[in-house]
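As structure tokens, the structure follows; a few thoughts come after it.
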Amino acid sequence: MSNKHGSLSINSDNIFPIIKKWLYSDQDIFYRELVSNGCDAITKLKKLDMMGEYELPADYKPQLQIVVDPDNKKVTITDNGLGMTADEVEEYINQIAFSGATDFIEKYKDKANEDQIIGHFGLGFYSAFMVADEVHIDTLSYKKDASAVHWECDGGTEFDMTDGIKEEVGTTITLFLNEDCLEYANEYRAREVLEKYCSFMPTPIYLSKANAPEEYEEIDPADKLDTDTVIETIHEDAKTEEKENENGEKEIVEVSPAKDKLKIVKRPVALNDTTPLWTKNPNDCTEEEYKEFYRNVFHDYKEPLFWIHLNMDYPFNLKGILYFPKINTEYDSIEGTIKLYNNQVFIADNIKEVIPEFLMLLKGVIDCPDLPLNVSRSALQNDGFVKKISEYITKKVADKLIGMCKTEKESYEKYWDDISPFIKFGCLKDEKFCDKMNDYILFKNIDDKYLTLPEILKPVEEEEKSEEDSTEEAASEETKADDTTADENNDTEEEYKDERSVVYYVTDKNQQSQYINLFREQGMDAVILDHNIDSSFITQLERRNDKYKFMRIDADVTGTLTEETSEDELKDATETLKEVFSKALNNDKLTIQVQKLKNADTPSIITLSEEGRRMQDMMKMYAMGGMDASMFGGDYTLTLNYNNALVQYILNNKDSEHVPMFCEQLYDLAMISNQPLSPEAMTKFMKRSNDIMLLLTK
């Protein structure tokens, strides 16, 4: 081939500033692009061999050799793939991947999205000019009688192409780094970048430092390989120790026999795993392999709870492993990592178009060769196909969780406290996921037993059905009133009656222990919802299901806790106690009622409507906790227990000088069971408690 000097086929003074500015978001990505090209060249050569169009040498070992040379400020990347002829260099390099400049500039000069500036032109090789002032290519094609080619360019539009001297099939790219990028010739920095992008590429990758002194290791002669360079044979004498025998006599015993070792030049170790776990069939993977892969990739030495191995060929190719780590911290501070690969080439972490937001709490790898990436492989093209991939991943996660709940309930319960924030967050963020998981969400009850919503609702619905039957039976025995009046009353009842089943819940078992005890005494149940996400979560469930509603255990004094009374039985007591407590407490926003509680030991209970409580939770979420909840419908109710001796004392001694103090004390005692007192209220409560005890000494 005659020497050739020419211009790259683009009508632009300098294409490389455009590439440097728009092609890639991260400068270090040139390593990924050049190594990927080398892997592709090797893959193609092996395919030609399989098709009978080329015969690989018997000792052929596919590999990429990366040599950093900090002294000469350069990096070389060599593959033993199919190489290029002079015509192919002309076509693939000089013509910028089949594109003329007019097309290039016209198509992209007005692009708003800079990530798309090079669209479909396939300019991976040109990422080299992000870090290099000058780039050389030395290549020899696999084709019969091909000649070696040498190509070089200094980052302008001029290039020189001459006959080369390369003797082995493949390609070597040499980068002469610019002064700002010398870090990439540092062995440790190069290893860091290569491990980031190339840890799972399908061809062995070796990294070395130019002119580094030889390193050696000792091996057993039986382990010698044909490729080992033996430096010397090392003889080790047998090792002996003096020991006592059965007769108590001392004798010399051989504890390690004599042996020979070979000192060899240290074998190179590939820095990548060419067959990562996700490429294997799930049936061929052991539990320990999954855990070891997790430790190696995520450097997390706490074992994952469990994992999902994705393995799909149709309608798109997708493989991967998603791990469920322990995530029982506050959901908004959890940070997971989903690594996205394209044909074992690392693309990015946590690409939100592919990975649903709630799955970002997990750790894992997903490899999808069908992803519609832009040419820089750093961003996704907008494509409905991507949404399908995202939906598939979500479905597989839901299927795994549902399957565990159905067939491995014990394990599912064991993991629940750790994974529940993730599942609840997923229900908030993804309606389809929420609908699929609805009957497989676990709730821990006040006896620490795990129940699904159907299991919780079944006894509630049975009890409600029993009450309905009893009411209907009683009604049929009564004298029926005028039909017209009855119809009007029924219409009114239907209008206001909320027929949804109630699921009671607890947010703090210690704080609400009084209410829990009352529930237990009556054989009632409640579930524990003590996570920050729970308020939003149950609101979401209610919005999507009209058969039930959630109510905190202290939101109302349910009829099950009270004795039946006639309308007039407590009328006088209620009027008296309302007057006494209203005067003592001086709180016109407090509702006061009197009931006969079945538990006579409980003098008073504070309740806050569910709507008011959720308003409070919302205020806290938006940092409005210092505001008075009553401004936003915080309708507290103080229920006084007619069956309690202290309440009876106040009722019968309403004019006593101590009654106001007792009223305040009963109110604070009820509040303490509902929520912590403010510092000022607690100070008054402590002083008042002392004053009451002093009364006993007089």
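A compact table of results
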quantity	calculated
Hey, T576 surrounded by fewer than 17 Cβ atoms within 10 Å (Cβ to Cβ) and assigned to a helix (DSSP H, G or I) or not	yes
Boolean, D556 is out of contact with any His (no Cβ under 6 Å at 6 or more places or on another chain) and either surrounded by fewer than 18 Cβ atoms within 10 Å (Cβ to Cβ) or aromatic (F, W, Y) (or both)	no
Unmet criterion (only one of (1) surrounded by fewer than 16 Cβ atoms within 10 Å (Cβ to Cβ); (2) part of a loop (DSSP other than H, G, I, E, B); (3) of a type in the set (F, W, Y)) for F200	(1)
Qualifying residue in region 45-61 (condition: at pLDDT 90 or above, under 17 Å from A185 (Cβ atoms) and either surrounded by fewer than 22 Cβ atoms within 10 Å (Cβ to Cβ) or not charged (D, E, K, R) (or both))	no
Whichever residue in region 646-671 is within 19 Å of D554 (Cα to Cα) and in contact (Cβ under 8 Å) with a residue 40 or more places away in the chain and, among such residues, is farthest from the chain's Cα centre (by Cα)	L666
Single unsatisfied condition, D69 versus (1) modelled with pLDDT of 90 or more; (2) more than 25 Å from F129 (Cα to Cα); (3) not aliphatic (A, V, I, L, M)	(2)
Looking only at region 212-238, and only at residues there that are part of a loop (DSSP other than H, G, I, E, B) and within 30 Å of N186 (Cβ to Cβ), the one that is least open to solvent (accessible area, probe 1.4 Å)	D228
Output for region 676-697, where each listed residue is surrounded by 10 or more Cβ atoms within 10 Å (Cβ to Cβ) and under 43 Å from the mean Cα position of the chain (by Cα)	P676, L677, S678, A681, M682
Selection within region 239-273 - over 30 Å from D226 (Cβ atoms) and assigned to a loop (DSSP other than H, G, I, E, B)	N245, E246, N247, G248, E249
Odd one out for D163 among (1) under 25 Å from N80 (Cα atoms); (2) without any contact (Cβ under 8 Å) to a residue 12 or more places away in the chain	(2)
Residues satisfying the stated conditions in region 624-675, i.e. of a type outside the set (A, V, I, L, M), assigned to a helix (DSSP H, G or I), modelled with pLDDT of 90 or more and open to solvent by less than 40 Å² (accessible area, probe 1.4 Å)	C663, Q665, D668
Hey, R543 open to solvent by 30 Å² or more (accessible area, probe 1.4 Å), of a type in the set (D, E, K, R) and in a helix (DSSP H, G or I) or not	yes
Residues of region 274-310 that turn out to be open to solvent by 50 Å² or more (accessible area, probe 1.4 Å) and assigned to a helix (DSSP H, G or I), as a count	8
First in region 330-343 and farther than 10 Å from L361 by Cα, second anywhere and modelled with pLDDT under 85 and open to solvent by 80 Å² or more (accessible area, probe 1.4 Å), Cβ under 6 Å, 6 or more apart	E330/N532
Test: residue in region 247-270 that is within 30 Å of K339 (Cα to Cα) and surrounded by 12 or more Cβ atoms within 10 Å (Cβ to Cβ)	yes
Subset of region 178-207 [in contact with a helix residue (DSSP H, G or I) (Cβ under 8 Å, 6 or more places away or on another chain) and within 24 Å of L140 (Cα to Cα)]	M201, P202, T203, I205, L207
Restricting region 546-573 to residues that are among the aliphatic types (A, V, I, L, M) and not in a helix (DSSP H, G or I), the residue that is nearest to the chain's Cα centre (by Cα)	M551
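Table: residues versus (1) modelled with pLDDT of 85 or more; (2) in contact with a strand residue (DSSP E or B) (Cβ under 8 Å, 6 or more places away or on another chain); (3) buried (at least 18 other Cβ atoms within 10 Å of the Cβ).
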residue: E488; (1), (2), (3): no, no, no
residue: E495; (1), (2), (3): no, no, no
residue: T507; (1), (2), (3): yes, yes, yes
residue: G523; (1), (2), (3): yes, no, no
residue: V527; (1), (2), (3): yes, yes, yes
residue: I538; (1), (2), (3): yes, yes, yes
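The values are calculated or read from the model by the stated rules, or taken from the named source; none is laboratory data. What you are looking at is a predicted structure, and each value in this text was computed from that prediction instead of being measured. Note that each Cβ is placed from the backbone with ideal geometry, even for glycine, and that neighbours are counted across all protein chains shown. With ligands, DNA and RNA removed, areas are computed over all heavy atoms of the protein, side chains included. Shrake-Rupley method; radii C 1.70, N 1.55, O 1.52, S 1.80 Å.
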